[in-house]
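Enquirer: Sharing a structure below in structure tokens format, with a few things to ask.
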Amino acid sequence: MNRVDRFLKSVLACLLLYGLCAFAQNASIQEIHGIAVDNIDRSVKPGDDFHRFANGNWIKRTEIPPDRAGIDVFTRLSDLSSQRTAELIKELATSNPPAGSNLRKVADLFNSYLDEAAIEAKGLTPVKSNLDAIASIHDKKQLAHALGEALRADVDALNNTNYHTANLFGLWVAPGFTDSDHYTPYLMQGGLQLPDREYYTSNSESMQKIRAKYQPHVAAMLKLAGFSDVDARAARIVELETAIAKTHRTLAENEDIHKANNTWRRAEFTTKAPGLDWDEYFKGAGLSRVESFIVWQPEAFLGESELVASVSLESWKDWLTFHLIEAHAGVLPKALALERFAFFGQELSGVQQQRPRWERGVSVVNGYLGDAVGQVYAQKYFPPEAKEKAQAMVTELIAAFRKRIEALAWMNPSTKAEAEAKLSTLYVGIGYPETWHDYSNYEVKPGDIFGNIWRGDLSEYQRQVARLGRAVDRKEWSMTPQTVNAVNLPLQNALNFPAAILQPPFYDPEAPAAVNYGAIGEVIGHEISHTFDTEGSAFDSKGRVRNWWTPEDLKHFEAATAKLAAQYDTYRPFPDLAVNGKQTLGESIADLAGLSAAYDGYKASRQVAPTVDGFTSDQQFFIAFGQNWGEKLREAALRQQVMTDGHPPGEYRADTVRNIDAWYSAFDVKPGEKLYLAPEDRVRIW
Ligand SMILES: [Zn+2]
């Protein structure tokens, strides 16, 4: 159900590294207004390999940095955004903003993160009272209370899709599945340090290798934190996590919202999931007054609750201790931070070198005060004219979609009416949110990084809990302006396009309309398409879970899209590995629908770009689209993407131009060229 496009996988991979991505190189986004002519390889026929035609020279002259799995437009823009954000934060950190202001908090948080000497000098003192509290737990009732106190708002099932928390469970506060007008609590499975149940249960060679190194890592962390008998403790902790993992749903199961729609009244937890003292748990979590919850993975709640009863108190205390230290290793003495990186960075992700402290500090500030930084970022890098122009494009694209839906002969009027209602009520956020997060309850103290992190997590949790039952703000954003991404928020029927993606080469107010429609216009159309596809059809115009497609419409849609899946099945990046057309179908549909709508929008704008280096306006439209997907990946990374990602590799995303009639006339593509499709074989969905 993830709508965070294109880079979910690398984002997840980065989260394993303290939520931080490596800056591998200086960003080099060229100052040109239009297509990047230098990237085009004129020796390749567009009709044979459109991706290589549009990007071939860039591919030839680009080397993948040693600490990266690949490079593309998104990584280049992310580097640029990170550098800009870093500059803003560094400026603030030395400018002495007024006490109590958000900017002062940014400065104090950043500086306290950088002060490694203070961190070393304090040793384990900052975490001592937490460790003492764990040590003083005497029975399962107190354990339940402590587990409840550890609950945080650290998961997100549908927007930024994060199914992982190392706490026993995680809380997500969002519009309800059936009552989308009010904020509702969703509870999700948790309890693991490794990224997913597969790491504990899979028999694959790579997972076995990681497991063999995990237990020594647990022991090493406990030893560095001053504990004795660490091997026995580590064995108990890994045994408990393995038992927890076996109760978890798989990633694919997590994505099925129909399986997740389980409302449990608070009083029912004791009978539905016996073992954990739920009254104490909810008391610890400050949720005793909440009447009901949506439980995403009931079998995990049953299983984990049973484990609280059946596994010894000592094992649970060891587990709590280790999880506390592991979660905060980045702000504890260096020996702990290094041991954590050696396992999670080097062993698990293959990254050889840890990034400089200040770069990690930028990510910490983005994590805890992202809107405070984003507000300054948007002011500096996203002028009102850019917002206005982007808004006008969105309006054109929505109009183009509306026309396409109206024109569909096969769709029933009732389905069309709800599709129309979804378009009419769609909120599209451009650049930055209309209101900013309030950080007044978040106390940031100079020189207290552990406390700053602890209070940051807690104040976010309290902010979310305080919203329960309140009216939903459909215009609320789920991304910061400095994020290079775009997102569809199905429960809010909303889209967010942050400022950091609304810049060249995706979007440039000074570039011709043809180029902007081909680049960002297609991205916008792609996100709108998700509102109507097989996944979007689960949510109605009010964001409620309700299938509004008639069965025969759905059948027609499935038949049309099966043809597209079959087309993608023919793509083979390696002789022994083909793209799985079904796995990538939602994204392939969105790419094709987005491109079709973007082309309509561009035509409706009636703007013809002047010829550039011999390329016509229409050619520039398609080249701009093809250049969105210019990428270079290491073989292992490409194989992994083909096997595990819902997004097809960039090459095939660019090649979907072969389904659009206007591309044939733009480049005079003829039968016999490799991408040529006879008109009846071109897939037309909307
Ligand atoms: Zn998508």
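The values are calculated or read from the model by the stated rules, or taken from the named source; none is laboratory data. The shown structure was predicted, so the numbers you read here are calculated from the model rather than taken from an experiment. Here Cβ is always computed from backbone atoms with ideal geometry, including for glycine, and neighbour counts include all displayed protein chains. Ligands, DNA and RNA are excluded from the accessible area calculation, which covers all protein heavy atoms including side chains. Shrake-Rupley method; radii C 1.70, N 1.55, O 1.52, S 1.80 Å.
Enquirer: Using beta carbons and a limit of 9 Å, which pairs, at least six apart or on different chains, have the first residue in the stretch 588-614 and at pLDDT below 95 and within 13 Å of the ligand (Cβ to nearest atom) and the second one among the β-branched types (Val, Ile, Thr) and open to solvent by 60 Å² or more (accessible area, probe 1.4 Å)?
Expert: 589/534
Enquirer: Continuing with this model, one more query. Being without any contact (Cβ under 8 Å) to a residue 60 or more places away in the chain and not small (Gly, Ala, Ser) narrows it down to one residue among 402, 355, 360; which is it?
Expert: Values: 355 fails: without any contact (Cβ under 8 Å) to a residue 60 or more places away in the chain; 360 fails: without any contact (Cβ under 8 Å) to a residue 60 or more places away in the chain.
Being without any contact (Cβ under 8 Å) to a residue 60 or more places away in the chain and not small (Gly, Ala, Ser) holds for just one of 402, 355, 360, which is 402.
Enquirer: Right, next: With the requirement that a residue be away from the ligand (no atom under 16 Å from the Cβ) and within 14 Å of residue 571 (Cα to Cα), what does the stretch 637-675 give you?
Expert: 638, 639, 642, 643, 651, 655, 658, 674, 675
Enquirer: Considering only the stretch 490-520, state which residues are out of contact with any Asp or Glu (no Cβ under 8 Å at 6 or more places or on another chain), of a type in the set (Gly, Ala, Ser) and closer than 25 Å to residue 608 by Cβ.
Expert: Listed by number, the residues that qualify are 511, 513, 518, 519.
Enquirer: Suppose we filter 66, 98 for residues that are touching a residue at least 12 places away in the same chain (Cβ under 8 Å), open to solvent by 10 Å² or more (accessible area, probe 1.4 Å) and not in a helix (DSSP H, G or I); which single one remains?
Expert: Working: 98 fails: touching a residue at least 12 places away in the same chain (Cβ under 8 Å).
On inspection, the qualifying residue turns out to be 66.
Enquirer: Checking residue 252 against (1) open to solvent by 30 Å² or more (accessible area, probe 1.4 Å); (2) outside any helix (DSSP H, G or I), only one condition comes out false. Which one?
Expert: (2)
Enquirer: Name the residue that is modelled with the lowest pLDDT, counting only residues in the stretch 441-484 that are part of a loop (DSSP other than H, G, I, E, B) and of a type in the set (A, V, I, L, M, F, W, C).
Expert: Checking each candidate, the answer is 484.
Enquirer: Scan (1) surrounded by fewer than 19 Cβ atoms within 10 Å (Cβ to Cβ); (2) within 22 Å of residue 501 (Cβ to Cβ); (3) in contact (Cβ under 8 Å) with a residue 12 or more places away in the chain; (4) of a type in the set (Ser, Thr, Tyr) for the single condition residue 414 breaks and write down its number.
Expert: (2)
Enquirer: Let me ask something else. Quick check on this structure: which one of 585, 577 is open to solvent by 20 Å² or more (accessible area, probe 1.4 Å), of a type in the set (A, V, I, L, M) and within 16 Å of the ligand (Cβ to nearest atom)?
Expert: On the way: 577 fails: within 16 Å of the ligand (Cβ to nearest atom).
Answer to the check: 585.
Enquirer: Can you confirm whether the stretch 549-569 contains a residue that is in contact with a Pro (Cβ under 7 Å, 6 or more places away or on another chain) and closer than 28 Å to residue 433 by Cα?
Expert: No, the stretch 549-569 contains no residue that is in contact with a Pro (Cβ under 7 Å, 6 or more places away or on another chain) and closer than 28 Å to residue 433 by Cα.
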